[in-house]
Every structure is written in structure tokens, then in C-alpha cells.
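Accompanying notes for the structure given below.
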Amino acid sequence: MASLNVYSALVVLFLTCAAPMATKENDQIIKENNSETKMGLPYVLEAFTSLFETGSISNECCGELVGLGKVCHSALVKRTLENPLVKDLCPATIIAKSIQKWNNCLALIDSPSPSA
């Protein structure tokens, strides 16, 4: 239950533009692409849990993630890694996981569904 509170706090920080430690480049990408409003909160929580803790991403969340776009996804992950709340995490590991999740979702969304 405590981890849900931590991840809820991360999501709130993720959704706010007021992160003073965020790089200008990531903030600009996020703002120009309306990145913070493209995914529903339940999918943001699911994606963040899978990146910063453990777990998989549902097909629906993959659709939302791919709809967000790779540029937005990367900028949001990088900006979140600049937050002091995640300072103990290895950025290289999180970025590698985010790329893997992105590629898995893209492959899932791009693959034709079996005929009925």
C-alpha cells in the first residue's frame, strides 16, 4: 500500500510542469506535444509501475503509450529521472526498461490480430 502512495506521488510530480530540475529541452518537448494530457491517469500509473517497480503493461495501456508517441514517452521518462524522489534508481536501467516497454508495446500494437 505504501508503494502505491509513492507511485501516486510520482505520477502527480510527473503530471506537473513545475519540476524546477527538469531540462528545458524535455519541458519544451512535453509542452509542444501536450504530452501530459495524452494518457489517462490509470494508464500513467500502470506504465510508471512497470518502469519504476515491476510489472507488465496491458494491451490497453500499450495502445495509450504508443498513442502518446515515442518523443513524449522519452521526454517524460527523462524528466521524471531528474526528480529527487527517484535519485536512488539507476537512470540507465530505467531508460533501458522504457525502451524495452516501448518496443514491446509498438510490436503488440503493430502486429495483426488473429482472425476470428
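The values are calculated or read from the model by the stated rules, or taken from the named source; none is laboratory data. Nothing here was measured: the structure is a model prediction, and the numbers come from that model. Every residue, glycine as well, gets a Cβ built from its backbone with ideal geometry; the counts of neighbours run over all protein chains shown.
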**Study point:** Single residue of the range 87-105 satisfying the filter (among the aliphatic types (A, V, I, L, M) and under 14 Å from the mean Cα position of the chain (by Cα)) that is nearest to GLU60 (Cα to Cα)
**Key:** ILE99
Check your understanding: Quick one: how many residues across the range 46-84 are among the aliphatic types (A, V, I, L, M) and assigned to a loop (DSSP other than H, G, I, E, B)?
Key -> 1
Practice item. Out of the residues in the range 30-41 that are in a helix (DSSP H, G or I) and without any contact (Cβ under 8 Å) to a residue 12 or more places away in the chain, state the one that is surrounded by the most Cβ atoms within 10 Å (Cβ to Cβ). Key: GLU32
Practice item. Scan the range 85-107 for residues that are at pLDDT below 90 and in a helix (DSSP H, G or I) and report the count. Key: 2
Practice item. Collect the residues in the range 60-116 that are of a type in the set (Val, Ile, Thr) and loosely packed, with under 15 Cβ neighbours inside 10 Å, keeping them in residue-number order. Key: VAL71, THR93, ILE99, ILE109
Check your understanding: Which ones in the range 43-60 are within 12 Å of the chain's Cα centre (by Cα) and without any contact (Cβ under 8 Å) to a residue 24 or more places away in the chain?
Key -> TYR43, GLU46
